[in-house]
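Structure first, then comments.
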Amino acid sequence: MPPKGSRKCAAATPNNTLVLDNGAYTIKAGLVANGATPTYDDCRVIPNCVARSTRDKRTYIGSELDACKDFGELAFRRPVEKGFIVNWEAEKAIWEHEFMGDACEPKETNLLLTEKPNCPRELQKNCDEIVFEQFEFAAYYRCVGPTLNAYNTPTAASLSSLPQECLLLIDTSYSDTTILPLYNGRLIQSAVRRLTVGGKLLTNYLKELSSLRHYNMMEETYLLNEIKEAVSYVVPSPQQFDRDLERTWKGRLGDKRQLDSSVVVDYVLPDYENAIHGHARPHDAANSRMRHGMQPLQGPREDLLPLGNERFAVPELLFSPSDIGIQEAGLPGAILESLSGLPEALKIGLLANVVVVGGNSLIAGFIDRLEAELRALVPAAYLLNMVRADDPIKHTWLGGAHLASQPELLREVLVTKAEYDERGSTWLVKKFS
């Protein structure tokens, strides 16, 4: 069954489709031909930012960031805020740098573009105008990105059986975390729930904790994000959270305690001369003292960032946002709230097919904790089947690629430039809504 709002395109459309999962942190992109069998390898992951270095005075656009040798005090301009494209000047620069030219001629290419749910209509209208009037793509389909996951087959079943009938998608990404129940590939809008906590908030919280306790890290966004991805973990339960807090407590003045080196690590910060990236190692109290001006005068010098309860207190915000004053339910509670207004049979079907995507799902222990807490809240008679996508970063793109590879389905949802020129942007916003 084609997505909601489908209608047959009158004109012939090109054979190639550029599938863009336009995330706030990265763009997942790839060209897909009609009848192809797309895989994760066909997808490129590109930083969705324009970065300016205060040290080498260079500006890095998109994938150029991979060539950067000094990430210290990089100033980032991100065109996507809260999941919505709000800075088209920067986004156009990234798209033109990455996709336009010999590899992709817009007038001979379809565009499948993702967006977050509940995007403001004016932003949608602006997006449609730029796609057709400035880039001049031949045909175009804009949709809520996570719905494309319904076009990923969980088994070796034929693609013709897609979309999946019932799918509960948990998308925990850079901007936020969203719960999206899907039925036959269509979003059940009334049941969508959004949590403020996403990868950006977690990184900012780690910056604040590190700056308060150790060095001033408020300008080191790239480095702190790298540290978060390297050492963070989710504790199995709230009870274990309390125990790990005790194990990482240094004690009061005059009553110092030995830190548990199985939890506390020392992160060796990069100097951007001998090393571009840092690394973590078990905590060594003697070496840690050397960061207080006791470095050797000769030989290699190391700047160490000890990390104790920061490792698990930061990702805990996904389950307990109230720890920093955000008055929202944690992720398991939000999932139940999402399902509470749905019919019983649909609720059972959704819980039997829960898929988790997004970068935060890669944090160690995340899936186990989420499944355990949800199992405790769901009636015992219900089957709960939760999986993390094989590649949670590219999984949404792959669903879009499966849709784009099926000409019959694709033609039913695409809008051609000729139709847009005839009917205008207001009609297009209504069609895609």
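The values are calculated or read from the model by the stated rules, or taken from the named source; none is laboratory data. This one's a predicted model, so the numbers in the text were calculated from it and none came from an experiment. For neighbour counting, all protein chains shown are included, and Cβ atoms are generated from backbone atoms with ideal geometry for every residue, glycine included. Accessible surface areas use protein heavy atoms only, side chains included; no ligands, DNA or RNA. Shrake-Rupley method; radii C 1.70, N 1.55, O 1.52, S 1.80 Å.
What is the Cα centroid distance between segment 38-77 and segment 398-432, reported in whole angstrom? Computed from Cα coordinates, the inter-centre distance equals 31 Å.
If the cut-off is 20 Å between C-alpha atoms, which aspartates and glutamates fall inside it for Lys347, apart from same-chain ones fewer than 8 positions away? Cα-Cα hits under 20 Å: Glu165, Asp171, Glu337, Glu371, Glu373.
Axis angle, to the nearest 10 degrees, between helix 366-377 and the longest C-alpha principal axis of the chain: 80 degrees.
As a test of understanding, state the convex hull volume per residue of segment 277-429 from its alpha carbons, in Å³.
Working: hull volume 42.4 nm³, N = 153.
Spread over its residues, the Cα hull of segment 277-429 gives 277 Å³ apiece.
Share of pairwise Cα-Cα distances greater than 39 Å in the chain is 26 percent (whole percent). Using only alpha carbons, segment 322-406 has a radius of gyration to Kirkwood radius ratio (Rg to Rh) of 1.02.
The spacing between segment 83-136 and segment 220-240, judged by their C-alpha centroids, is 33 Å. Remark: the chain carries 45 Å² of accessible area per residue (probe radius 1.4 Å; ligands, DNA and RNA excluded).
Annotation: peptides 120-127, 108-115, 49-56, ranked by per-residue average of other Cβ atoms within 10 Å with the highest first, follow the order 108-115, 49-56, 120-127.
When the chymotrypsin sites (Phe, Trp or Tyr not before Pro) in segment 322-411 are filtered for DSSP coil states and for at most 16 other beta-carbon atoms within 10 Å of their beta-carbon, the remaining sites are Tyr382.
What you get for the chain, charging only the Cβ of Lys and Arg (+1) and of Asp and Glu (-1), is a dipole of about 720 debye around the Cα centre. Per atom type, segment 1-149 shows carbon and sulfur on 47% of its accessible surface, probed at 1.4 Å.
Modelled label positions at His214 and Glu136, each set 7 Å beyond Cα in the direction of Cβ, lie 5.3 nm from each other.
Relative to the Cα centre, what is the charge dipole magnitude of segment 357-433, using +1 at the beta carbon of each Lys and Arg, -1 at the beta carbon of each Asp and Glu, and rounding to the nearest 20 debye? That gives segment 357-433 a dipole magnitude of about 160 debye.
For segment 33-149, dividing the convex hull volume of the Cα atoms by the residue count gives 138 Å³ per residue. Remark: segment 114-245 is approximated by an ellipsoid whose semi-axes, taken from the C-alpha gyration tensor as √(5λ), come to 35, 24, 14 Å, largest first. When the Gaussian network model of the chain links Cα atoms closer than 10 Å, the mean-square fluctuations of Asn225, Asn152, Asn87 top out at Asn87.
Considering only Cα atoms, the convex hull volume of segment 166-233 works out to 103 Å³ per residue.
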